[in-house]
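The values are calculated or read from the model by the stated rules, or taken from the named source; none is laboratory data. Please read these numbers as outputs of a predicted model, since none were measured by experiment. So basically every Cβ, Gly included, is an ideal-geometry build from the backbone, and we count neighbours across all protein chains shown. Protein only, heavy atoms only, side chains kept; ligands, DNA and RNA dropped before computing areas. Shrake-Rupley method; radii C 1.70, N 1.55, O 1.52, S 1.80 Å.
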Amino acid sequence: MRTAEFQIEEATGGGTLLRLSGDWTTMTLGKAAVRLGDGLEGRTVDRVDVSDLGRFDTAGALALVQASGCAIPKDAFAARPEAGRIYAMVETLERQSAGPLPAKKSLTRFFAKIGHGVHDAGAEFLLSMAFLGRLMAASGHALRRPGEIRWAAWVSQADRAGLDALPIIAVTNFFIGAVIAFLGANLLTQFGAGVFTVQLVAVAVLRELAVLITAILLAGRSASSFAAEIGSMRMNQEVDAMQVMGVNPFQALVIPRLAALLVMMPLLTFVGMLAGFMGGALVTWSQLDYGPAFFIQRVSDDPLMDTHLMVGMIKAPVFAIVIAAIGCRQGMAVAGDVESLGQRVTAAVVQAIFAIIALDAVFALIFLELNL
């Protein structure tokens, strides 16, 4: 194994003569390619002497092509036909290879990104509408034939999506109620209206915070779980196997999750309301010396508390449907790779939280118009 070497000479009668010696292979090329490129800069090779050339592979051919700019004569390797064929192949590929794409202007990239975003949003909207149509058809079928409902799957999903989420929902709403009470006690006592801290906690918890916090927690917990479970079944082709066996995937996978969340969401919201009350009552008792009996009496004596409770409970089933539908929709859209699964799980959580906040704003406008 000899190291690749070369000599550049002025040929008799003018022109440049390139003498190659040693093995021009991947293992022996070393820095000869760089030195050859520097030596041939500004020169044109007229003749090549390969009498002392040893082994020759595509790495050596590529070094010659790049150093000479594809300007070596075709008959240069007449003494070594096999080396000539390798060189000709590499030279042809080098000539046909496209250079790097020109960099797009920043303004072009900006509008292209906007265009891709609009296109993706439109495609996602159409697919979501198609999923919604199939979901409505499956729901109608389940209502017409309740005997075909998979009660075991429904109970299992209700336990996992509802009862298992009970501790985190209760604790979170407890602290939310305590925070609202702290703010009210700090601000309202400055105006001599500390007693209205009870109403502040009650209205905030009943009308907005309990249902909103519960929905957001379920969006991060249940929507991601639904997307991951159904997405994994899509990756393992279990959904396709169901269709082959004549089982409707919507009846087996989507409807039980939707029904479970539809039933458990109002119950979890009510638990969140009670936990928020407990947090607010504890703070008003410790900061304002208003005992739990006083807190309960102030809440029960307010005639508007029933309205606030109704407003909060009306939102719960709607949020449940949105969370379950988005989670199952993203799970059904998973392709056959893990990257797609991760993207769809992330999209399920983000879309569910965004939809919850947007729907809460819509509900606020509706109840404002209804004077509720």
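Things to note:
- Fraction of accessible area attributable to carbon and sulfur, segment 231-372 (%, probe 1.4 Å): 68 percent
- Rounded to 5, the percent of DSSP beta bridges in the chain classed as antiparallel: 45 percent
- Given charges at Cβ of Lys, Arg, Asp, Glu: the chain dipole, positive-most of VAL311, MET273, GLY30: VAL311
- Of the listed residues HIS119, HIS308, the order by accessible area with a 1.4 Å probe, largest first, is HIS119, HIS308.
- These residues, PHE174, PHE182, go from largest to smallest accessible area, 1.4 Å probe, as PHE182, PHE174.
- Positive dipole terminus of the chain, leading residue within ILE255, PHE191, GLN66 (C-beta point charges): ILE255
- On Cα atoms only, tilt of 292-301 relative to the major axis of the chain in degrees: 80 degrees
- Taking the accessible area of segment 96-202, probe 1.4 Å, and keeping the other protein chains in place, the carbon and sulfur fraction comes to 72%.
- Whole-number percent relative contact order across the chain, with pairs defined as alpha carbons under 8 Å at least 6 apart: 16 percent
- For a straight C-alpha distance cut-off of 14 angstrom, the aspartates and glutamates reachable from LYS31 (same-chain residues fewer than eight places away being disregarded) are GLU5, ASP23.
- Near the amide H of THR16, within less than 5 Å, lie the amide hydrogens of ALA11, ASP46, ARG47, all on another chain or at least 5 residues away, with H placed in the peptide plane.
- For segment 39-196, the dipole from Cβ point charges (+1 on Lys and Arg, -1 on Asp and Glu) about the Cα centre works out to 600 debye, to the nearest 20.
- Ellipticity estimate at 222 nm from DSSP helix runs (n ≥ 4, -39,500 (n - 2.57)) divided over the chain, nearest 500: -22500 deg cm²/dmol
- Note, ³J(HN,Hα) from phi for segment 238-253, Karplus 6.51, -1.76, 1.60, rounded to Hz, x at Gly and Pro: 6, 5, 5, 5, 4, 5, 5, 7, x, 9, 6, x, 5, 5, 8, 10
- At q = 0.08, 0.10, 0.15 Å⁻¹ the log10 of I(q)/I(0) for the chain amounts to -0.64, -0.76, -1.18, computed by Debye summation with a single uniform scatterer per C-alpha, solvent ignored.
- Note that segment 318-325 has calculated 3J(HN,Hα) couplings of 5, 4, 4, 4, 5, 4, 5, 5 Hz, one per residue in order, obtained from phi through the Karplus relation 6.51 cos²θ - 1.76 cosθ + 1.60 (θ = phi - 60°); glycine and proline are x.
- Anchor LYS315: aspartates and glutamates whose Cα lies under 17 Å away (excluding residues fewer than 8 positions away in-chain): GLU208, ASP306, ASP360, GLU369
- Each Lys and Arg Cβ is given +1 and each Asp and Glu Cβ -1; about its Cα centre, the chain then shows a dipole of about 480 debye.
- For ILE353, the solvent-accessible surface with a 1.4 Å probe is about 50 Å², rounded to the nearest 10.
- Cβ-based net charge around LEU258, under 13 Å, with every Lys or Arg adding one and every Asp or Glu removing one: +4
- Under a Gaussian network description of the chain, with springs only between Cα atoms under 10 Å, the residue in VAL254, VAL362, VAL345 that fluctuates furthest is VAL362.
- Computed from point charges on the beta carbon alone (+1 for Lys and Arg, -1 for Asp and Glu), the dipole magnitude for segment 126-173 about its Cα centre is near 240 Debye.
- Using θ = phi - 60° in the Karplus curve 6.51 cos²θ - 1.76 cosθ + 1.60, the 3J(HN,Hα) couplings for segment 21-31 round to 9, x, 9, 9, 10, 4, 6, 10, 5, x, 9 Hz; x is entered for Gly and Pro.
- Think of segment 287-372 as a dipole: +1 on every Lys or Arg Cβ, -1 on every Asp or Glu Cβ, centred on the Cα centre; then among ALA293, LEU368, GLY331, GLY331 lies furthest on the positive end.
- Residue ranking by accessible heavy-atom surface, 1.4 Å probe, largest first, among LEU274, LEU18, LEU166 comes out as LEU274, LEU166, LEU18.
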